[in-house]
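Throughout, read-outs are computed from the coordinates displayed, never taken from laboratory work. Not measured: the values here are computed from a predicted model. All Cβ positions, even for glycine, are placed from backbone atoms using ideal geometry, and neighbour counts span all protein chains on display.
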């Protein structure tokens with residue numbers, strides 16, 4: 001059964017997910033959703049994310065694609081910066097995936113709900129997206 005409802009965009013560009021839909025999906029305050037835009041269809045899809053974690057990982061550039069391909073089904077979004085052959089990446093992934101990635105590649109990582117870093121690096125991460133076309 002599909003539910004649909006027209007909602008209004010507010011002055012800050014926000015929309016409210018109707019209560020019936022939040023209840024049906026089990027959405028609670030603080031839950032994360034992923035917005036995916038399809039410009040060809042002029043649509044935005046909202047994906048409900050449950051049990052996700054944010055983490056940052058450093059990995060050699062030549063091992064990066066293999067890592068992402070290995071965990072692609074569990075990665076919702078990523079953003080990376082190439083620092084002299086070392087990829088510094090931030091992932092939004094299924095819970096537990098960051099630890100698995102670290103075990104696989106043996107890289108340094110930090111896994112937290114809110115990542116803290118310098119403003120310059122954070123702005124750069126927001127501007128840059130990976131070559132595999134995943135949104136952040």
(message) Once you keep just the Cα pairs under 8 angstrom separated by 6 or more residues, what percentage relative contact order results for the stretch 13-54?
(response) 30 percent
(request) Provide the descending list of Cα extents for the stretch 1-72 along its principal axes, expressed in whole angstroms. (result) 47, 30, 30
(message) Give me 43, 70, 11 sorted ascending by neighbouring Cβ count inside 10 Å, so fewest comes first.
(response) 11, 43, 70
(request) Pop a pseudo-label 7 angstrom from the Cα along the beta-carbon direction at both residue 7 and residue 51 and give the gap in nm to one decimal. (result) 2.5 nm
(message) Give me 4, 54 sorted ascending by neighbouring Cβ count inside 10 Å, so fewest comes first.
(response) 4, 54
(request) Treating the Cα atoms of the stretch 51-101 as identical point scatterers in vacuum, please give the log10 of the normalised Debye intensity I(q)/I(0) at q = 0.13, 0.14, 0.25, 0.31 Å⁻¹, two decimals. (result) -0.26, -0.30, -0.93, -1.31
